[in-house]
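Undergrad: Quick one: the structure is below, and I'll ask about it shortly.
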């Protein structure tokens, strides 16, 4: 008959307790390693190559997306998105500057990891774009919208556009057709060098409304909310977002982080703070899908 030494009965529970203690200690250490606000599940999805951080690149002369403020710092709603995602993922994201023409080449050569721009079929050939927002055109008017303008009812008014702009070349002809189809008088189009001249013309009453990119129109209202506002309707015909090298798994991680920002309200708050809340997507996309 086999005899079992009594000490064996004490040894096993002790080992289980030690193992459980080590597991709890490991979990506690992992939790302590995560920066404040980080989502453990999202952090776990970050590819090893990005655990030390991401390098983003922008051409900071496109407010309100990204631009240099009075303090010499790069700011914008894209930077706000970036900061919120960095917190969720628990990794640092640094921002560098470059002329736009060299940004895609810089990402493909792995000098940079990502940027943020308009999604297009041509860009999708080399990039995976995590679509974060709609893009399009808005009408900026005087505070109170005294002429009662709407994007689809500019008929009979004086409307300004930037010379050679997409709004002037593509959108104006369509809107003029709407006036004609509804038996209304065409609107008069005045061309200006850019938004500074256009906003001044709205302010002085030379024109009734200014057609510009919805983000920029929102930016102008943010800066001068005592002078301007946006007409109720915008033409939202595209999407923009964070762009990564084709096949980079980080695109899917950013998409998951975006879903978390939408769920907790951070996403909408950022857009609302920049007066572009109408550009929100119901859910983030990758390459428009």
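Undergrad: Could we say that residue 271 is assigned to a helix (DSSP H, G or I), crowded, with 20+ Cβ neighbours inside 10 Å and without any contact (Cβ under 8 Å) to a residue 40 or more places away in the chain here?
TA: Values: assigned to a helix (DSSP H, G or I): yes; crowded, with 20+ Cβ neighbours inside 10 Å: yes; without any contact (Cβ under 8 Å) to a residue 40 or more places away in the chain: no.
No; evaluated as a whole, the condition is false for this residue.
Undergrad: Being part of a loop (DSSP other than H, G, I, E, B), free of Cβ contacts under 8 Å to residues at least 60 places away in the same chain and within 30 Å of residue 219 (Cβ to Cβ) is the filter here; which residues of the stretch 42-66 pass it? Show your work before the answer.
TA: Residues of the stretch 42-66 part of a loop (DSSP other than H, G, I, E, B): 46-47, 51-53, 59-60, 63-65.
Remaining after also requiring free of Cβ contacts under 8 Å to residues at least 60 places away in the same chain: 51-53, 59-60.
Within the stretch 42-66, 53, 59, 60 meet the criteria.
Undergrad: Does residue 278 qualify as being surrounded by fewer than 22 Cβ atoms within 10 Å (Cβ to Cβ) and not assigned by TED's automatic domain parsing to the domain that holds residue 76? Steps first, please.
TA: Numbers: surrounded by fewer than 22 Cβ atoms within 10 Å (Cβ to Cβ): yes; not assigned by TED's automatic domain parsing to the domain that holds residue 76: no.
Considered against the rule, which asks whether it is surrounded by fewer than 22 Cβ atoms within 10 Å (Cβ to Cβ) and not assigned by TED's automatic domain parsing to the domain that holds residue 76, residue 278 comes out as no.
Undergrad: Of the residues 199, 237, which single one is touching a strand residue (DSSP E or B) at 6+ places or on another chain (Cβ under 7 Å), at pLDDT below 95 and more than 19 Å from residue 135 (Cα to Cα)? Spell out the reasoning first.
TA: On the way: 237 fails: more than 19 Å from residue 135 (Cα to Cα).
The match here is 199.
Undergrad: Is it true that residue 204 is over 28 Å from residue 46 (Cα atoms) and either at pLDDT 95 or above or out of contact with any strand residue (DSSP E or B) (no Cβ under 9 Å at 6 or more places or on another chain) (or both)? Don't jump to the end; show me each part of the working.
TA: Details: over 28 Å from residue 46 (Cα atoms): yes; either at pLDDT 95 or above or out of contact with any strand residue (DSSP E or B) (no Cβ under 9 Å at 6 or more places or on another chain) (or both): yes.
In short, yes.
Undergrad: Another question about this same structure. Just name the residue that is modelled with the highest pLDDT out of those in the stretch 112-139 that are more than 17 Å from the chain's Cα centre (by Cα) and either assigned to a strand (DSSP E or B) or under 18 Å from residue 62 (Cα atoms) (or both).
TA: My answer is 139.
Undergrad: Go through the stretch 87-111 and report how many residues are within 18 Å of the chain's Cα centre (by Cα) and either more than 16 Å from residue 241 (Cα to Cα) or in a strand (DSSP E or B) (or both).
TA: The total comes to 9.
Undergrad: Considering the stretch 234-255 alone, what residues qualify as being assigned to a loop (DSSP other than H, G, I, E, B) and either free of Cβ contacts under 8 Å to residues at least 24 places away in the same chain or touching a helix residue (DSSP H, G or I) at 6+ places or on another chain (Cβ under 6 Å) (or both)? Steps first, please.
TA: Within the stretch 234-255, the first condition is being assigned to a loop (DSSP other than H, G, I, E, B), and the residues that meet it are 234, 246-249.
Hit for the stretch 234-255 is 234, nothing else.
Undergrad: Inspect all residues belonging to the stretch 166-187 and state whether any of them is over 30 Å from residue 284 (Cα atoms), out of contact with any helix residue (DSSP H, G or I) (no Cβ under 8 Å at 6 or more places or on another chain) and modelled with pLDDT under 95. Spell out the reasoning first.
TA: First, pick out the residues of the stretch 166-187 that are over 30 Å from residue 284 (Cα atoms): 173, 176-187.
Narrowing the set further to residues that are out of contact with any helix residue (DSSP H, G or I) (no Cβ under 8 Å at 6 or more places or on another chain) leaves 173, 176-184.
Those left that are additionally modelled with pLDDT under 95: none.
No: zero hits.
Undergrad: Right, here's the next one. If we only count strands (runs of 3 or more DSSP E) wholly inside the stretch 143-233, which ones have 2 or more residues that are outside the structural domain of residue 65 (by TED's automatic domain parsing), in contact (Cβ under 8 Å) with a residue 24 or more places away in the chain and more than 21 Å from residue 279 (Cβ to Cβ)?
TA: Strands (runs of 3 or more DSSP E) meeting the threshold: 158-162, 188-192.
Undergrad: How many of the residues making up the stretch 176-189 are closer than 24 Å to residue 227 by Cβ and crowded, with 16+ Cβ neighbours inside 10 Å? Full working, then the answer.
TA: Step one: list which residues in the stretch 176-189 are closer than 24 Å to residue 227 by Cβ, which gives 187-189.
If we keep only those that are crowded, with 16+ Cβ neighbours inside 10 Å as well, we get 187, 189.
The total comes to 2.
The values are calculated or read from the model by the stated rules, or taken from the named source; none is laboratory data. Keep in mind that what you see is a predicted model, and the values were worked out from it rather than measured. Using ideal geometry, Cβ is built from the backbone for each residue, glycine included, and neighbour counts are taken over all protein chains shown.
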